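Working notes, structure below.
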Amino acid sequence: MGPIPNHIAFIMDGNRRYAKKQGMEEGAGHKAGFLALMKILCYCYELGVKYLTVYAFSIENFKRKPEEVQCLMDLMLEKIGELLKEESVVNQYGIRLYFIGNLKLLSEPVRVAAEKAMAATAKNTKTVLLICVAYTSYDEIVHAVQESCKDKRNEIEALYASKVSNGVTEGVEEGENINGTIEHDVQGSCESSLSKSQALNTTRACNGVIRVEKKKGVILHAVQGSCEDKWDEVMSRTSNGVTEGVADSKKKQWMHPTIKLVDIEKNMYMGVAPDPDILIRTSGENRLSNFLLWQTTNCPLYSPSALWPEIGLWHLIWAVLNFQQSHYYFEKKRKQL
């Protein structure tokens, strides 16, 4: 009917309700859910779907009863071992495994097993299975921003390490543009205190460096060095797009590169895969539950009433058919971004 989706994501909802519905003991629903996942993996492989992502364990799930959390961790450890067996679906279909999320929150045995599984399947190329554990979108976005800031700071430090010495920027001409950075010399020292009148005539150059970033007509000053406590003092001199107190032409400024969208996306946990084409949540729920909020802007949501262990080939086919009907509309929306 149309193109096959490249990436399908699943919120595996309804394992506990399934166990209750079937009169099964606690934890049996999650075991049934694992069998359903293996079945869906086979179907997707046969259809030609390259990437599959499943929401296995949220950071919020750690708030459940300790015995339930421990049961889930034990089950996860057991199933990771099964995935690595020679006769497993993973080895039959050449599936590469990624465990996505804040893995530091996992118990050490589970984290070690996850890392071992990723290393063992690193050369598989036919299909990719991304298992989101200890994951929420909020945590992923915060992590990406933090890592982007670190990368940018390291980039700036490396760029200027050879040029800034003893409070003087050396080897760079006035106004020189380096990698998107406007470079000026800075001279000055960081004194223990400044009088109010002195503050009016100088923006303190801690370690000889003043950073000035201009956004929407307003020049923002950030002081680098041991005098960061004077940030408010510097900001008080910035108003209506005019920076006061930096009249001394001997003082030089540099404008650092900003963090861009591509920097954030590069540091996402899900940066190893393209955005999903379809998001399927079983049990009839329409909530995203803090899952792939960044990546599903233009992704159709399909919510069959079946609980996760009840999902079958027909549910998957129906989701793909719906995707194919709306494919060109969503492709048009993506191109507009």
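Quick note: the coordinates plus some simple rules give every number you see, no bench work behind them. Just so we're clear, the structure is a prediction, and the values are computed from it rather than from any experiment. Cβ sites come from the backbone with ideal geometry, for glycine too, and all protein chains shown count toward neighbours.
For the residue pairs K152/K260; K50/K116; K31/K79, the alpha carbons lie more than 19 Å apart in K50/K116. Phi-derived couplings, Karplus 6.51 cos²θ - 1.76 cosθ + 1.60 at θ = phi - 60°, listed residue by residue for the stretch 107-115: 5, 4, x, 5, 4, 5, 5, 5, 5 Hz, with x used for Gly and Pro.
Each of M1 and T125 was given a label point 7 Å from its Cα along the Cα-to-Cβ line. The distance between the two points is 3.3 nm. Per-residue 3J(HN,Hα) values for the stretch 59-71, derived from phi via the Karplus relation 6.51 cos²θ - 1.76 cosθ + 1.60 with θ = phi - 60°, read 4, 5, 5, 5, 7, 5, 4, x, 5, 6, 4, 5, 4 Hz in sequence order (x marks Gly and Pro).
Hey, how many Å between the Cα centroid of the stretch 282-332 and the Cα centroid of the stretch 82-96? Between the Cα centre of the stretch 282-332 and that of the stretch 82-96, the gap is 26 Å.
Charge dipole (Cα centre; +1 on Lys/Arg Cβ, -1 on Asp/Glu Cβ; no other charges) of the stretch 1-63 amounts to roughly 120 debye. The shape of the stretch 1-146 comes out rounded: with a ≥ b ≥ c from the C-alpha gyration tensor, a/c is under 1.5. Couplings 3J(HN,Hα) of the stretch 21-37, computed from phi: 4, 8, x, 8, 6, 4, x, 5, x, 5, 5, 5, x, 5, 5, 5, 5 Hz, in residue order, whole Hz [Karplus 6.51 cos²θ - 1.76 cosθ + 1.60, θ = phi - 60°; x for Gly and Pro]. In this structure, V272 and S305 have a Cβ-Cβ separation that, at R0 = 25 Å, corresponds to a calculated FRET efficiency of about 0.20.
Each residue, Y138 and I59, gets one label point 7 Å from its Cα in the Cβ direction; the gap between the two is 0.8 nm. The charge dipole of the stretch 277-337, taken about the Cα centre with unit charges on the Cβ atoms of Lys, Arg (+1) and Asp, Glu (-1), comes to about 300 debye, rounded to the nearest 20.
The calculated FRET efficiency for the pair Q22 and Q336, based on their C-beta separation and a Förster distance of 45 Å, comes to about 0.45.
Summarising the amide proton neighbourhood of D13: residues at separation of 5 or more, or on other chains, whose placed amide H is nearer than 5 Å comprise T282, W308. Checking the a/c ratio against 1.5 first, then a/b against b/c, what shape does the Cα gyration tensor give for the stretch 62-121? It is prolate, given that a/c is not under 1.5 and a/b is the larger ratio.
Kirkwood hydrodynamic radius computed over the stretch 104-164 comes to 14.9 Å, based on all pairs of distinct alpha carbons. Shape class of the stretch 284-335 from the Cα gyration tensor (axes a ≥ b ≥ c, square roots of the eigenvalues): oblate, since a/c reaches 1.5 or more and a/b does not exceed b/c.
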